[in-house]
Amino acid sequence: MKINKITRRRLKKHFIIARVNKDLSVNITIAPHVTKSQIISFLNERKEKINRLIENQRQKNREIENIKDIHKDEILLFGIWKKIVFSSETPFVTDEERIFLPNYMKFYDKVTLMNKVYNLMAEKTFPILLREEEKRTNLKALGLTITKTLSRWGSFNIKDEMKLSSYLVTCPIPVIKYVICHELCHKVHRNHQKNFHKLLAGFYPNSKEYEEILKETGKYIRSFK
């Protein structure tokens, strides 16, 4: 077991928390009063559990690498793996199975290429989908910003301005519209309490299915971080 770092901060439920990183190292978060001997005792008592977490992360790493290898010449766009074709004639055009990119992009590494494509597609697609959801819900955003964040798909601030992650274009169109609707519902209810979910369910009763797609897609996207 390799300890990457130990951080002290206030914890609500536990005195010590162990988290396994992608590189299989372990981060330990402890409450301010925890002593070195208590940390050692915790690691000894939880050794088997932490080793299981490390093995689970190792398996996840293998699965992600297999996906990357299988789709090394493809890019995930609107829920479909599309073959990357470099062309000087029809750049940034897609069909059911392919996406055509400018020849100069063949020299980009995969992460840079993804970021460029996702940002462009988001700029083309999100404003249109936002207008559709605004019309359907009768709720309106006063602005739209496209971000490159991996930590959240979207947000809606007190100025009624929406932010959407460009990585959201990896999801099917209905899921993107669901996220947009989710954020628009925050115009009525700022938190995620019962009334918020009731309002959202009125527009998207199958939200659990969409949340599962977002969860699985997020795992793949964050693997490139």
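Some points to look at:
- Here is the figure for segment 67-105: residues that are surrounded by 13 or more Cβ atoms within 10 Å (Cβ to Cβ) and in a strand (DSSP E or B) total 16.
- Entirely in segment 1-51, the strands (runs of 3 or more DSSP E) that have 1 or more residues that are surrounded by 12 or more Cβ atoms within 10 Å (Cβ to Cβ) and of a type in the set (D, E, K, R): 3-8, 16-20
- Only listed residue being in a helix (DSSP H, G or I) and either touching a strand residue (DSSP E or B) at 6+ places or on another chain (Cβ under 8 Å) or at pLDDT 95 or above (or both), chosen from V111, V117: V117
- Taking (1) over 20 Å from the mean Cα position of the chain (by Cα); (2) closer than 22 Å to I84 by Cβ in turn, I176 satisfies each apart from (1).
- Within segment 79-106, considering residues that are among the β-branched types (V, I, T) and out of contact with any Phe, Trp or Tyr (no Cβ under 6 Å at 6 or more places or on another chain), the one nearest to I67 (Cα to Cα): I80
Table: residues versus (1) closer than 30 Å to P174 by Cα; (2) β-branched (V, I, T); (3) in contact with a Gly (Cβ under 6 Å, 6 or more places away or on another chain).
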residue	(1), (2), (3)
S25	no, no, no
T29	no, yes, no
H33	no, no, no
D73	yes, no, no
T90	yes, yes, no
F100	yes, no, no
D109	yes, no, no
N115	yes, no, no
Y118	yes, no, no
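- Per the listing R58, R131, the residue uniquely surrounded by 11 or more Cβ atoms within 10 Å (Cβ to Cβ) and outside the structural domain of V175 (by TED's automatic domain parsing) is R58.
- T125 within 30 Å of D69 (Cβ to Cβ) and in contact with a helix residue (DSSP H, G or I) (Cβ under 8 Å, 6 or more places away or on another chain): yes
- Residues within segment 172-209 that are within 27 Å of I75 (Cα to Cα) and at pLDDT 95 or above, tallied: 12
- Filter pass, A122 being small (G, A, S), outside any helix (DSSP H, G or I) and surrounded by 15 or more Cβ atoms within 10 Å (Cβ to Cβ): no
- Residue check for V117: out of contact with any Phe, Trp or Tyr (no Cβ under 6 Å at 6 or more places or on another chain), assigned by TED's automatic domain parsing to the domain that holds G218 and buried (at least 19 other Cβ atoms within 10 Å of the Cβ): yes
- Within segment 65-108, the residues that satisfy the criterion of being touching a Pro at 6+ places or on another chain (Cβ under 9 Å), at pLDDT 90 or above and of a type in the set (F, W, Y) are F78, F86, F100.
The values are calculated or read from the model by the stated rules, or taken from the named source; none is laboratory data. Computed from a prediction, not measured in an experiment: that's the story for all the values here. All Cβ positions, glycine included, derive from the backbone under ideal geometry; neighbour counts span all protein chains shown.
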